[in-house]
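Rule-based calculations on the coordinates, nothing more; no lab input. Please read these numbers as outputs of a predicted model, since none were measured by experiment. Don't worry about glycine lacking a Cβ; one is built from the backbone with ideal geometry, like all the others, and counts go over all protein chains shown.
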Amino acid sequence: MPATLPPGLPIIPDSPDDGGHGHGPFPMSETDFEAAVSDALDRIPPELAKTMNNVAIFIEDDYTPQPGEDPDTVLLGLYEGVPLTERDSWWDAGSLPDRITIYREPILDICESREDVIEEVTVTVVHEIAHHFGISDERLHELGWG
């Protein structure tokens, strides 16, 4: 990741001197991408991982904007659920798991190297897990994990 960008901000590849042809997405197999997500999850400290409650992690190719959303919306990850800070004593009774989805294609689109992908996957996983703990986008941006 370029040293000039804080973690979590999109990586904007430098323009090559190739006549304006630019870069395509970084080529990475689905299996290797899944391994990067798994490695990012393994980096979560065990004490913190133990406190995660009823959350499932998914990998999808791309986010599809919902009705009413800007059709050009691009997400690297998405947390859907009830943060731990908002759950009451009745929450566990029949509740579906929270869902964290990591979107492969948008991450590969902004990365130039395997190291960039691993860094961006790690930042995205941490960002979405932080939402499970009730940390807002605003606070994550303040902390450099936006």
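Structure notes:
- Of the residues Thr85, Ser29, Leu75, the one whose Cα sits farthest towards the positive end of the charge dipole of segment 28-141 is Thr85 (charges of +1 on Lys and Arg Cβ, -1 on Asp and Glu Cβ, taken about the Cα centre).
- Options Ile107, Ala40, Ala56, ranked by Cα towards positive dipole end of segment 39-119, top entry (Cβ charges): Ala56
- Computed label-point distance, nm, for sites Glu47 and Arg99 using a 7 Å Cα→Cβ extension: 3.3
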